[in-house]
Amino acid sequence: MLSTVREGMIETELFDPQSIKLRAKEYKHVDVPNYDHFIYIQIRILAGRNIDQKKELTQCIKKCIDTLSIPSVSLSIEVADMEKESYIKTP
């Protein structure tokens, strides 16, 4: 699934592919009525992209996830800004 999300992010051309870092966390206990599967994707990006770019990002990722044909899935995608002033990255 991570490679599918990466494809969606690259497709937008909003990111240098080398700067994309992905992680997955499995939740053993979820309660999502009427669905067999639950996927929550949170995308944390440095602030500076406009709302249309963020919408494009979520739509591209949704389109890529849809190709996986996961039955009965509750899918949520959120884009969250990280403020450049408080973000630190070490090599």
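The values are calculated or read from the model by the stated rules, or taken from the named source; none is laboratory data. Keep in mind that this is a model prediction, so the values were computed, not measured. Positions of Cβ are generated from backbone atoms using ideal geometry, with glycine treated the same way; all protein chains shown enter the neighbour counts.
If the condition is being β-branched (Val, Ile, Thr), in a helix (DSSP H, G or I) and without any contact (Cβ under 8 Å) to a residue 60 or more places away in the chain, then the stretch 52-80 contributes 58, 61.
Only a single item in (1) at pLDDT 95 or above; (2) farther than 19 Å from residue 5 by Cα; (3) surrounded by 13 or more Cβ atoms within 10 Å (Cβ to Cβ) is not met by residue 35, and it is number (1). Among the residues of the stretch 44-59, is any touching a Ser or Thr at 6+ places or on another chain (Cβ under 6 Å), more than 15 Å from residue 10 (Cα to Cα) and modelled with pLDDT under 95? Within the stretch 44-59, none of the residues are touching a Ser or Thr at 6+ places or on another chain (Cβ under 6 Å), more than 15 Å from residue 10 (Cα to Cα) and modelled with pLDDT under 95. Against the list (1) out of contact with any Ser or Thr (no Cβ under 9 Å at 6 or more places or on another chain); (2) on the phi < 0 side of the Ramachandran plot; (3) touching a residue at least 12 places away in the same chain (Cβ under 8 Å), the condition residue 16 fails is (3).
Among residues of the stretch 25-38 that are on the phi > 0 side of the Ramachandran plot and free of Cβ contacts under 8 Å to residues at least 60 places away in the same chain, those with a Cβ under 9 angstrom from a residue that is part of a loop (DSSP other than H, G, I, E, B) and of a type outside the set (D, E, K, R), sequence gap 6+ or separate chain, pair up as 34/72. Number of residues in the stretch 5-44 that are of a type in the set (Val, Ile, Thr) and in a helix (DSSP H, G or I): the value is 2.
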